[in-house]
Structure formats: structure tokens, C-alpha cells
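Below is one structure, written out as C-alpha cells; comments come after it.
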Amino acid sequence: MDSKKVPLNDIHEKLGGKMVSFAGFNMPVRYSSDIEEHMAVRNGVGVFDVSHMGEFEVKGPHALDLIQRITSNDASKLIDGQAQYSCLPNETGGIVDDLIVYKVKDEDYVLVVNAGNIQKDWDWINKFNTKGAELKNVSDDTCLFAVQGPKAVEVLQTLTETNLSEIKYYHFAIGRFAGADNVCMSNTGYTGAGGFEIYVHKDHAVKVWNAIFAAGKDLNIKPIGLGARDTLRLEMGFCLYGNDIDDTTSPLEAGLGWITKFTKEFTNSFFFKKQKELGVTKRLVGFKMIDKGIPRHHYEIKNASGKIIGKVTSGTMSPMLGIGIGLGYVNTDLAGPGSEIFIDVRGKSLKSSSQQASAD
């Protein structure tokens, strides 16, 4: 099956983007080099076209009730203009997807889900929509540009009268941006470098993209591909669905206890509550290589005596640190900060150090 194209596909090709199939979409993996693009975001400003992500509107008097029953976090705590990281737990102890819940106002929410899970999530949510919340899949009509880096706000502020410096982390505003109305400006991102995510209707996407690049020209703004998106999120220890979390991993094992609230009932909450009481046997940890080597997805993790204790779920060479870093599940006794673990890289056991037990 051919990959779907985002509305700005032709622009990415003209910019020299190397296009690859990702989550069912034709996406730019890089324009220059992963390291150059990574450093542009860490030190300046870069723009990711992540229009492949999915967006579902959830409205009406039963909207919050549905969201509360299907997500692990407590959406009742949200105020207007606030976003919340959460997940959709499944009925077998794993995760259907991780997502962001946006509260526009009472009875008006938007769920932002991963591109590869759009249909899966849509079917899952509809399965539980027994009380008639108004659901609409607006993924194909919505473009999303992540403008990230320490100079992002400086660029974006020239395009809107909304005071971006007043929008706190994980909050958003909807207003006029780059001549387009009803644009969502969200202080969120997947890089840890600061910045905003701009949600805009596809009809205004080209105009908004061009305006952002015109505004950032003097600050050497750059388009950024999926390659640097992965190294940036990995330096921050952010999970990637399909690698670090999936249908078989518990949010508690993945260090997502902080988004798993037992102040309400949700899908399989009894199981997760019991798991929290008993304690998990494996944990997702971040690690840094001590010996020289680059950890990769699926490489075995061993203890000091050579016993296999887990697998690398994500790994790369960190552009900022100049050493190999990664995420992986290990036995709980080796999940503490500074624990010595070994990564099997092409038959060699290379020493690394757990940086932190995943936070609850």
C-alpha cells in the first residue's frame, strides 16, 4: 500500500528532504544531516512537519466521562487551555497508545494520537463510547508544525498578537496566527528544547509554514526531519510508542506512574492498581555508555555475570554528549541510578550505567 502524503509533501521534496515511509506516511527523515538538524534545535530553532499525527475532537455532555474512562490520567483536573499527557490502557495490562488531551472548554476536547495508531485508537475509543459523546476524526484536515528550540518563541511571536510568553508549559491558546484564524498555539513538544506546536487547518498550512520560515530567516531557522526528532527525544528520555511502550508494556513499568491516577476508574484500572501495590519486576531505564559503542533497538542488556536481563528499546549516539545513550527494560534491582549494566554490541558486552530509575 502506498504511503499517505502530508499536505506539504511537495515542499519537503523541494527542500531536499529524504523521504521515507513512516507510520504509513511519506515523511522527511532528514534534509541535511541528523547531527546538524539536532544542534539547530538545541541551539537555535527548527521546524518539524508532524502533520501525520492524529487528532480527534470529543464534544458534548458525555465527552469528559468518555475521556475519564479510557485514559489513565485525570482529565477532570484540566482547566480551559490546558493540555495533559496521558495514555490509553488496554485490557491486558499494556498500552494502546500514548496521547495528549487538550481541553478547549467544558464539553470540548481534542485528543492528539500517534500517526501509526490513528485507526487503532479511533476504533478503541468508539468501542467505549457507549453514552454518545460526539466524536470526529479531523486528522486529515489538520496540519501540525512543531517549532522547537530556544529561539522558537522569538520567531513565532512576530506572527501573532497572542502573548506566547504567558502560555505556560502544557497550556495553549487558540487565535490568529500568520494571517490564519483558529490556530492552536501549544507550549508542548517532543524535544525538551522549548518551543510551540502549531495546529492549523490544511487549507492554511502552506501559508503558515512559509510565514514561519520568513520570520525565522535571520535566526537561521531550519526544517528538521524524523532522524533528529528521534535523537532529540531520546536525549530527554521521552518514550516512543512501538519502541519503548506498546500493547505489552505497563505504564507503571515504563515509569508512567505519574500519569496513572487511581482517583477514578478507567480501563483495567483494577489490574494496574494491584500491580502498583505488588511492585513491578522490570523497569524502563535510561542509560549512558561507559565503554565506546552505540546501542541499538533490540540489542540485549546483560548483568555483570553475562545473564540477559532485558533489551534495548531505543538507542543512538547522543549529539550533545558524544556517547551512546539508550532506553531499555531491566530487572527492577538494576533500575537504580548508577547501576552497572552491559549492552551486547556485535558480540561484545560493553559497560553502561543506568542514569535513573524511571520516575513515578
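Nothing in this text is a laboratory measurement; each read-out follows from the coordinates by a stated rule. Bear in mind that the values here come from a model prediction, so they are computed numbers and not experimental data. Here Cβ is always computed from backbone atoms with ideal geometry, including for glycine, and neighbour counts include all displayed protein chains.
Miscellaneous remarks
- Within the stretch 257-269, the presence of at least one residue that is surrounded by 15 or more Cβ atoms within 10 Å (Cβ to Cβ), of a type in the set (Phe, Trp, Tyr), more than 21 Å from Asp230 (Cα to Cα) and touching a residue at least 24 places away in the same chain (Cβ under 8 Å) is confirmed.
- Taken residue by residue, the stretch 201-217 has no member that is within 18 Å of the chain's Cα centre (by Cα), assigned to a strand (DSSP E or B) and farther than 20 Å from Gly16 by Cα.
- Pairs where the first residue, in the stretch 121-132, is touching a residue at least 40 places away in the same chain (Cβ under 8 Å) and within 14 Å of Phe56 (Cβ to Cβ) and the second is small (Gly, Ala, Ser) and crowded, with 18+ Cβ neighbours inside 10 Å, C-beta under 7 Å, 6+ apart: Asp121/Gly54
- Test: residue in the stretch 178-191 that is among the aliphatic types (A, V, I, L, M) and touching a residue at least 40 places away in the same chain (Cβ under 8 Å): no
- Subset tally (residues that are out of contact with any helix residue (DSSP H, G or I) (no Cβ under 9 Å at 6 or more places or on another chain), under 29 Å from Gln275 (Cα atoms), outside any loop (DSSP other than H, G, I, E, B) and in contact (Cβ under 8 Å) with a residue 40 or more places away in the chain) for the stretch 68-97: 2
- Residue within the stretch 117-136 that is aromatic (Phe, Trp, Tyr), surrounded by 16 or more Cβ atoms within 10 Å (Cβ to Cβ) and over 25 Å from Phe262 (Cβ atoms) present: yes
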